[in-house]
Structure formats: structure tokens, C-alpha cells
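The values are calculated or read from the model by the stated rules, or taken from the named source; none is laboratory data. From a predicted model like this one, the values you see are computed outputs, not experimental measurements. Neighbour counts run over all protein chains shown; Cβ positions are idealised from the backbone, glycine included. Keep in mind that these areas ignore ligands, DNA and RNA; they rest on the heavy atoms of the full protein, side chains included. Shrake-Rupley method; radii C 1.70, N 1.55, O 1.52, S 1.80 Å.
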Amino acid sequence: GGMLVVTIVCSCFFGAISGSGTACVAALGGILIPAMAHDGYDRADATALISMSGGIGLIIPPSMQFVLYGVVAQVSIIELFTAGFIPGIILGGFLCVAAYWSIRKNKNIQIYSKSIILCYFLKSFKQ
């Protein structure tokens, strides 16, 4: 289930920074979809997950849509950022829960032990 959370968080932040859900899916999809398929996730589910979380990223500041709307409608951009931050984080959290709940019975997903993850983490500092 950790790959799901990584995918959602990366997509939300990349979508927020780029301001484009399509660019988010194009940039991260080529990396995360094969990685998720390698770990046993269904490719269609991985694609849907990245697409949904990239769309959520559009309301998390610094969203370019908020800046454009604020300039055109003469609304405070800071207030728009404040109004979008909490709902975006809540939607991302709910998406994490929903994605984890939907795959919890999938037996094909590889589960890595914490010792293996820690071993790779420590080896990355040696290089």
C-alpha cells in the first residue's frame, strides 16, 4: 500500500506545481505506472490513481488556476490559496484511504519488509 501513497502524494504535489493534471500524468505516469505494475498493481488502476491525484493537485497551492482566476476576477490570490489548501489535503487523504481500501484484498501485490527498505535506504548513502 505504500506505493499508492507515494503515487498520490507525488501526483498531488506535481499537479499543484505544474498547474496541469495532464502534464502530471504524462510526467509521472511513465515512471510510476510500470513501477506499480512491477509490484503487482493493475495497470488500469495505477493509471486511474495517477489521473485522479493529478486532478486533485490543481486545487493545492501554488496552483496556476488560482492565480489566473484571482487576476481575472480581481480576487485575493492569498485567500484562494488558503481556501484550496485544506480541501486539497483532505481530498488527497481520502484518496489514499479509498485506494488502500480498494486493493487490500489483492494478493498479487509485493509487500516489502521494513528491514529490506531500511537496508536499501542505508545503501543509498554509501553511493
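Selection of segment 59-72 for residues being open to solvent by 50 Å² or more (accessible area, probe 1.4 Å) and under 14 Å from the mean Cα position of the chain (by Cα) yields only 59. Among all residues of segment 73-83, there is at least one that is touching a Gly at 6+ places or on another chain (Cβ under 6 Å) and surrounded by 15 or more Cβ atoms within 10 Å (Cβ to Cβ).
Residues checked against (1) under 16 Å from residue 102 (Cβ atoms); (2) open to solvent by 40 Å² or more (accessible area, probe 1.4 Å); (3) among the polar types (S, T, N, Q):
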{"site": "11", "(1), (2), (3)": "no, no, yes"}
{"site": "15", "(1), (2), (3)": "no, no, no"}
{"site": "24", "(1), (2), (3)": "no, no, no"}
{"site": "34", "(1), (2), (3)": "no, yes, no"}
{"site": "37", "(1), (2), (3)": "no, no, no"}
{"site": "43", "(1), (2), (3)": "yes, yes, no"}
{"site": "47", "(1), (2), (3)": "yes, yes, yes"}
{"site": "53", "(1), (2), (3)": "yes, no, yes"}
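If you go through segment 77-101 and keep only what is touching a Ser or Thr at 6+ places or on another chain (Cβ under 9 Å) and among the aromatic types (Phe, Trp, Tyr), you end up with just 81.
Is it true that residue 89 is open to solvent by less than 30 Å² (accessible area, probe 1.4 Å) and either among the charged types (D, E, K, R) or more than 15 Å from residue 6 (Cβ to Cβ) (or both)? Judged against the criteria, residue 89 is not a match. Within segment 107-119, is there a residue that is exposed (fewer than 12 other Cβ atoms within 10 Å of the Cβ), modelled with pLDDT of 90 or more and β-branched (Val, Ile, Thr)? No, because not a single residue in segment 107-119 is exposed (fewer than 12 other Cβ atoms within 10 Å of the Cβ), modelled with pLDDT of 90 or more and β-branched (Val, Ile, Thr). Among residues of segment 17-45 that are within 23 Å of residue 60 (Cα to Cα), those with a beta-carbon under 7 Å from a residue that is open to solvent by less than 30 Å² (accessible area, probe 1.4 Å) and among the hydroxyl-bearing types (Ser, Thr, Tyr) at least six positions away or on a different chain give the pairs 19/63; 24/11; 28/11; 32/7.
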